Amino acid sequence: MNDLYSQNDYDECDLLTVEGQISFLLLDSDRPAGELYSNVKASQPTVSRKIARMIDQGMIDQRVSSADRRVPIFSLSVSYRNYLISTNIVRTLSEKSSFHSQTEDYLIDSKPA
């Protein structure tokens, strides 16, 4: 039997929604828009709409790059980051992901006091 999913040629992050992929990418560092567009498994217009919605909902923050003011830089908002940490969503994803060591280091350094 040739099962598509038995080949294990996908990352668990591929199974996340677009919002989940964006959130996961922003966990370890702030990222420019172009980097999000190239790493999220969706079209650029879809990613742009999701980013705009996440900004409106207070999930991510936007600033401009100091090197090039035309480049938006995105980061997780403090409240959303704390929510992800407090619900153990981040730990569950990081244990299954290739980003495990980077995310685990982030979790240890960023836990609220």
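Points worth noting:
- Tabulated pairs, segment 55-77, first more than 16 Å from Gly34 (Cα to Cα), second among the charged types (D, E, K, R) and part of a helix (DSSP H, G or I), C-beta under 8 angstrom, 6+ apart or interchain: Met59/Glu19
- Residue that is modelled with the highest pLDDT, among those in segment 1-44 that are among the acidic types (Asp, Glu), in a helix (DSSP H, G or I) and over 15 Å from Ile55 (Cβ atoms): Glu35
- For segment 52-69, taking the residues that are in a helix (DSSP H, G or I) and among the charged types (D, E, K, R), the one that is nearest to Phe24 (Cα to Cα) is identified as Arg53.
- Scanning segment 70-93 finds one or more residues that are of a type outside the set (Ser, Thr, Tyr), at pLDDT 90 or above and part of a loop (DSSP other than H, G, I, E, B).
The values are calculated or read from the model by the stated rules, or taken from the named source; none is laboratory data. None of the values given here were measured: they were computed from a predicted structure. As a convention, Cβ positions derive from the backbone with ideal geometry for all residues, glycine included, and neighbour counts pool all protein chains shown.
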